[in-house]
1. Can we say L250 is closer than 23 Å to D359 by Cα and open to solvent by less than 40 Å² (accessible area, probe 1.4 Å)?
2. What's the number of the condition A481 fails, among (1) within 47 Å of the chain's Cα centre (by Cα); (2) more than 20 Å from N412 (Cα to Cα)?
3. Go through the stretch 416-444 and give me each residue that's of a type in the set (S, T, N, Q) and under 41 Å from the mean Cα position of the chain (by Cα).
4. Output the residue which, of all residues in the stretch 344-364 that are at pLDDT 95 or above and among the polar types (S, T, N, Q), is nearest to M293 (Cα to Cα).
5. Would you please name the residue that is nearest to the chain's Cα centre (by Cα), looking only at residues in the stretch 388-415 that are assigned to a strand (DSSP E or B) and farther than 23 Å from N456 by Cβ?
6. Looking at (1) open to solvent by 10 Å² or more (accessible area, probe 1.4 Å); (2) at pLDDT 95 or above; (3) more than 19 Å from D452 (Cβ to Cβ); (4) not β-branched (V, I, T), which is the one condition that is false for Y368?
7. T222 passes all but one of (1) surrounded by fewer than 16 Cβ atoms within 10 Å (Cβ to Cβ); (2) in a strand (DSSP E or B); which number fails?
8. Could you tell me which numbered condition Y346 fails, if it satisfies all but one of (1) open to solvent by less than 10 Å² (accessible area, probe 1.4 Å); (2) at negative phi?
Amino acid sequence: MANPEVPVIDYSYTGFQQEQQGFPFPGGQLDNDLHKLATSDGAIIDALKDVRRSDGALPNQKVTVDSLSPSVLALLRGEGATGPTGPIGPTGVGATGPTGATGPIGATGPAGGPTGPTGPTGSTGPAGASGAPGGPTGSTGPIGSTGATGPTGPAGTLTDGSVTDAKVATPGTAASGIDIAKLRYKHSAANTVTRFAIARLRDSMHLSDFGLLGVSNTNDTTILTNAIAALASGGELILPAGKFYAESALSLTCVTRKGVTIRGAGKDATELVWVNNTQGLSISLVNEQVIDMSDISFKSAVAMTGTKTALTVNAAGTSGSSMSSSFRRLSFTGSGAYPYTTGFVYGMNLFGLSFVSLDDIDVFGGSYSPRGVIIQGDASHVPIVADLSKCRFIGCDIGFTYGAWLQGVTINQCNFTGGNIGVSLPAAFSSTGTAQLMVSNSQFNTNFNQIDCLANIVGVWVSNNYFVVPPTHIGVSIDAARYCSIIGNTFFNPTGTKGNIGVNVNANTSGFPSNITGNIYASLNYGNALQAGSNNWNVQSNSYSNVTTPNVNIGTGNTIGGGSA
């Protein structure tokens with residue numbers, strides 16, 4: 001049989017244990033190596049059976065003559081070994097000795113057993129487990145030193161939408177930098193388009209573009225003047241949080257039809273403070289511009305006189321307004337804390353401006369009594385449609401003045417507290433086409449007549465308001481009006497002292513009916529007083545509690561109906 005093969009073990013289980021701790025032992029590899037050893041051992045055992053019997057002796061006929069060395073063979077034949085050469089003796093003839101007999105040849109031993117059949121091939125062992133992942137990524141090496149400056153490239157060219165030579169020109173040299181007129185911009189939001197960057201930059205201006213100061217007690221007049229004047233062609237000006245001091249009036253004359261937006265950071269954050277007895281901000285419109293102003297506080301650090309007004313908008317240069325203007329979250333006060341001792345005489349004066357929305361406006365007085373908001377016009381500039389919502393007039397001489405030629409005013413969810421009159425329609429405007437006043441869902445707690453209608457206005461609707469009627473004055477006073485409805489209000493004095501009169505009608509245009517119905521009167525001297533100049537009033541379905549005289553009727557054509565006796 002062939003010589004047995006020496007098994008080769010080429011896998012280090014010790015190395016695996018040292019390097020791959022935590023991973024499964026490679027059983028498949030171990031099975032393969034053990035199989036090699038078993039095969040080799042089997043071959044060795046089979047080879048031993050060829051030369052050795054079970055009793056340890058050599059098997060018969062296993063050692064043959066051909067297997068013996070010449071010296072062993074000579075011994076077996078009786079041939080002695082050659083002795084040393086003796087000395088040369090005398091020449092003589094000796095007798096030749098007899099040749100020894102040849103020994104018998106041993107019998108040949110029995111042949112070995114037959115070769116066993118080849119064993120079946122062992123099944124392939126399972127695959128070895130995957131090796132452990134390599135070690136963590138090494139830290140980033142240090143940044144290499146900056147290479148030498150390369151040669152200057154060829155001069156770039158500027159085309160629409162690209163900048164190929166972006167170096168900035170050195171001041172005082174002729175080198176050209178970026179052509180901003182050709183630079184394009186695209187917002188990162190979805191569905192946006194590419195546009196010229198210069199147009200994007202022109203979308204709005206910031207006060208800091210003009211040298212923002214806003215440091216305490218610093219004169220910011222020049223900065224404010226330049227910033228306001230830059231709106232002449234329209235656009236938006238952003239005023240950041242801070243106090244900005246002006247020593248003189250600020251003015252703007254709009255020369256294009258484009259609208260104007262002035263936006264602060266909040267009426268408690270952006271403060272414009274005038275430190276001298278002067279007008280505040282005046283804006284003149286010449287071509288139906290729209291004004292949008294918000295989040296600014298107008299303040300006066302000194303006592304203003306005459307008709308000094310914090311914000312004036314004059315639309316006398318236009319033929320009317322084509323869209324609505326909005327004033328939101330503005331305040332008009334003195335400096336320091338409420339109650340204020342100084343301030344502008346008027347908060348807002350809007351002339352000839354139509355489609356106006358005033359929302360969340362504050363006018364606060366104190367020991368001085370400002371006039372809050374006046375809207376007026378003339379025969380050539382008739383202001384129509386003005387909405388006041390969630391406004392507060394505190395400590396004002398007059399909260400809102402319904403001026404000449406004004407038509408279509410709605411006052412809703414407003415508060416008139418302290419001061420003298422809440423809403424006033426002066427007698428001077430009786431012949432100027434005033435019409436349509438609606439006051440609802442508001443509160444009145446002023447010291448004099450709370451709605452004082454002296455003008456001959458067409459259409460007054462007063463509904464669902466709360467009037468704290470003062471002891472010597474009136475909740476709603478009508479001296480000249482037609483088509484009036486006073487419905488669903490409460491007239492009351494909760495102080496323990498009776499209020500004077502809930503509704504007083506001195507006079508109204510003859511022949512135009514009006515009504516007073518569904519109101520509550522409590523703790524008053526009089527509920528409704530229809531004086532001698534009143535006519536065509538219908539009073540019915542009202543409720544009275546602790547009212548000395550619920551109704552007085554000395555007018556003509558009036559009716560005191562059911563529930564109003």
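The values are calculated or read from the model by the stated rules, or taken from the named source; none is laboratory data. Since we're looking at a predicted model, the values are computed, not measured. Heads up, the Cβs are rebuilt from the backbone with ideal geometry, glycines too, and the neighbour counts pull from every protein chain shown. Accessible surface is based on the protein model in full, side chains and every heavy atom, while ligands, DNA and RNA are left aside. Shrake-Rupley method; radii C 1.70, N 1.55, O 1.52, S 1.80 Å.
1. The answer is no for L250.
2. (1)
3. Across the stretch 416-444, the qualifying residues are T417, S440, N441, S442, Q443.
4. Across the stretch 344-364, the extreme among qualifying residues is S357.
5. Taking the candidates together, the pick is S389.
6. It fails just one condition, (2).
7. Here T222 clears every test but (2).
8. (1)
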